Amino acid sequence: MKAIVSKIGLGVIVSCLLTYAAYAKAITTQFEFEGVAVNAEHIAVFVGKDGALSAAVAGINAKTKGRLETALKDAEYKGKFGAKLHLYGMSPFKSIIVVGAGSDELSVRKLRDLGGYVAQASNNKQSLGVISAGLNTTVEQSAAQLAMGYALSSYTFDKYKEKKKNEDNKMTSRTVSFHGQGVAAAKALFENDLIHVVKGVNFARDMGTEPGLSIYPESYVQRVRALFRDVANVKIEVMGVPEMKRKNMGAILGVGRGSIHDPRFVILSYMGGNSDEAPIALAGKGITFDTGGISIKPNTGQWQMKSDLSGAAAVAGTLYAVAKRGEKVNLVGVMAMAENMPAKDAIRPGDVLKTMSGKTIEVMSTDAEGRLVLSDAVTYVQEEYNPRLLIDIATLTGAAARALGTDYAVVITRDWDLAQDMMRIGKTAGEDVWPLPLNKSHYKAIKSDIADIKSTGGNPGASIGAAVIGTFVDEDRVWVHLDIAGVDWLSKATPTAPKGHAGWGVRFMDAVVRENQQAQ
Ligand code: BES
Ligand code: ZN
Ligand code: MN
């Protein structure tokens, strides 16, 4: 019996602005979880470092009349983790993809990587059976983790290409089936939980990849609304300029002044927990394009500033995943959206902005705009929701990228234990963080001569950015600051992500929420 458990559109909602993209049909992947019998045309198997075949893979080998084993021997295949081999002439199968599983016990993260390797090697095979039995792991429902890795890795964004990837073979859908014992539980985990995380990640990737021409605060709001169209339990509130003026949100209003597109402030709330439980709050930087403003950036790499909205996108993606699986938790996400443009009415270096909190900021560089919009965002969410945990997430500083590269996001907290918790959570979730300090010296460096604080000072480092935001975070608040400037963009593919926008933060924050869900 074939159970179609999930369909995810690989590709994106076709924008009505772009008529040439309208006749493109993205490939739909159907994930199935079946028993041990395999009917697929192409097969993927995992082989451990000892080269020995598991019972399930030995069964496949028998079907090929031993050709699989011979091929592995001839290739001197060692089963090193991630080593891929694509074998043809494997009748009755059209081909067999072999992926090395290494000798270590497989963690959730490694299982997802293996699923991603399969996706990379199987490139558009229409009917693929993955042998998920016999893996060296104690992770339950491991097939679901493989499927998640596959789904994350096979993300594509080709709406602006005239000729789509799948046009040659006229493929519109493919089936990936996972074969092993007890896969019904894997199916449930995938369908009720993991696939929603994938969709949240892919939303963030879409937003980070979309050009600034098509994503500006107002259209960003529309995309958020579209994401949540089928999510009844998330409330979406959108503040425009008049509402923000009423709340005295002078920082985000200041940043948005130079753009023909007015800023927006979006509040997403999901109250899946008890009504007396304080929520977790996420605040994301949503700069739809960062030119630097009057402190304009040089041209090199400037195009990438279309993804300066990724913090906010990760916030929306996380809310989506958490709400779709119906976690028992109260979760609020705010997205501070503005476009940072130079213009005759843009803010200038030296200008003083009055934030929602009442504190004033002297703008030393209009290119340090993320900390400005987040100042208002964290003030708003604390005043309105008094969260038990506040996470802000932003592509905040080039310094974060220079310090830690693409492997670790910067995490800054006021509490070493909390920082270590974050490192541990990131490691399991597959999105690593590494701490940087926040000291008195950083606060001292942003003392202003004419305002309460200034927006930069000392050095342009990640800690200074955190100090500006930290000025607006109550002293006893449990607070985590994430600077994702280095990790949100990949110049080459990883096992679970194609090159380009990584959608960083959904998996991380989703994992933090899981750990901090309400005690039952
Ligand atoms: N959005 C940028 C940070 C950034 C740089 C993200 C590179 C991704 C890649 C941010 O708004 C910015 O311009 N930061 C400045 C701050 C400086 C003016 C204190 C920076 O890091 O140079
Ligand atoms: Zn920016
Ligand atoms: Mn900037």
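Restricting the stretch 328-352 to residues that are in contact with a Lys or Arg (Cβ under 7 Å, 6 or more places away or on another chain) and closer than 28 Å to Val197 by Cα, the residue that is surrounded by the fewest Cβ atoms within 10 Å (Cβ to Cβ) is Met337. If I filter the stretch 412-433 for residues that are closer than 27 Å to Leu152 by Cα, within 16 Å of ligand 2 (Cβ to nearest atom) and touching a strand residue (DSSP E or B) at 6+ places or on another chain (Cβ under 6 Å), do I get at least one hit? Scanning the stretch 412-433, I find no residue that is closer than 27 Å to Leu152 by Cα, within 16 Å of ligand 2 (Cβ to nearest atom) and touching a strand residue (DSSP E or B) at 6+ places or on another chain (Cβ under 6 Å), so the answer is no. The set of residues in the stretch 206-218 that are open to solvent by 10 Å² or more (accessible area, probe 1.4 Å) and more than 12 Å from Ser310 (Cα to Cα) comprises Pro211, Gly212, Leu213, Ser214, Tyr216, Glu218. Of the residues making up the stretch 428-464, those that are under 23 Å from the mean Cα position of the chain (by Cα) and within 16 Å of ligand 3 (Cβ to nearest atom) number 1. Take the residues in the stretch 374-421 that are in contact with a Ser or Thr (Cβ under 7 Å, 6 or more places away or on another chain) and farther than 17 Å from Ala312 by Cα, then tell me which one is nearest to ligand 3 (Cβ to nearest atom). Out of the qualifying residues, it is Ile412. I'd like to check something: does the stretch 453-474 contain any residue that is more than 26 Å from Thr355 (Cβ to Cβ), in the same structural domain as Ala281 (by TED's automatic domain parsing) and not in a helix (DSSP H, G or I)? No; the residues of the stretch 453-474 include none that is more than 26 Å from Thr355 (Cβ to Cβ), in the same structural domain as Ala281 (by TED's automatic domain parsing) and not in a helix (DSSP H, G or I). When Gly350 is tested against (1) over 19 Å from the mean Cα position of the chain (by Cα); (2) touching a residue at least 40 places away in the same chain (Cβ under 8 Å); (3) within 16 Å of ligand 1 (Cβ to nearest atom), exactly one condition is not met: (2). The single condition among (1) more than 19 Å from Val36 (Cα to Cα); (2) buried (at least 20 other Cβ atoms within 10 Å of the Cβ) that Ile60 does not satisfy is (1). Note on the stretch 64-89: residues that are open to solvent by 100 Å² or more (accessible area, probe 1.4 Å) and charged (D, E, K, R) amount to 6.
Looking at Lys297, is it within 16 Å of ligand 3 (Cβ to nearest atom) and either buried (at least 22 other Cβ atoms within 10 Å of the Cβ) or hydroxyl-bearing (Ser, Thr, Tyr) (or both)? Spelling it out, it is not the case that Lys297 is within 16 Å of ligand 3 (Cβ to nearest atom) and either buried (at least 22 other Cβ atoms within 10 Å of the Cβ) or hydroxyl-bearing (Ser, Thr, Tyr) (or both). Considering only residues in the stretch 307-327 that are of a type in the set (D, E, K, R) and over 22 Å from Ile484 (Cβ atoms), the one that is surrounded by the fewest Cβ atoms within 10 Å (Cβ to Cβ) turns out to be Arg325. When Trp303 is tested against the conditions (1) touching a residue at least 40 places away in the same chain (Cβ under 8 Å); (2) open to solvent by 40 Å² or more (accessible area, probe 1.4 Å); (3) within 14 Å of ligand 2 (Cβ to nearest atom), the lone failure is (1). For the stretch 247-276, a residue qualifies if it is of a type in the set (A, V, I, L, M) and either open to solvent by 30 Å² or more (accessible area, probe 1.4 Å) or away from ligand 2 (no atom under 16 Å from the Cβ) (or both), and the qualifying residues are Met249, Leu253, Ile260, Val266, Ile267, Leu268, Met271. Count of the stretch 362-407 residues, restricted to those that are surrounded by fewer than 23 Cβ atoms within 10 Å (Cβ to Cβ), in a loop (DSSP other than H, G, I, E, B), within 16 Å of ligand 2 (Cβ to nearest atom) and not hydrophobic (A, V, I, L, M, F, W, C), is 2.
Of the residues Ser275, Ser307, Ser295, the single one that is out of contact with any Pro (no Cβ under 8 Å at 6 or more places or on another chain) and within 10 Å of ligand 1 (Cβ to nearest atom) is Ser307. Put simply, of Val513, Val487, Val410 the only residue that is at pLDDT 95 or above, closer than 30 Å to Leu114 by Cβ and assigned to a strand (DSSP E or B) is Val410. Inspect the stretch 277-294 for any residue being more than 16 Å from ligand 2 (Cβ to nearest atom) and out of contact with any helix residue (DSSP H, G or I) (no Cβ under 8 Å at 6 or more places or on another chain) and give the result as yes or no. The answer is yes, given that some residue of the stretch 277-294 is more than 16 Å from ligand 2 (Cβ to nearest atom) and out of contact with any helix residue (DSSP H, G or I) (no Cβ under 8 Å at 6 or more places or on another chain).
The values are calculated or read from the model by the stated rules, or taken from the named source; none is laboratory data. Every value quoted in this text rests on a predicted model; they were computed, and no experiment measured them. As a convention, Cβ positions derive from the backbone with ideal geometry for all residues, glycine included, and neighbour counts pool all protein chains shown. We work out accessible area using only protein heavy atoms, side chains counted, and drop any ligands, DNA or RNA first. Shrake-Rupley method; radii C 1.70, N 1.55, O 1.52, S 1.80 Å.
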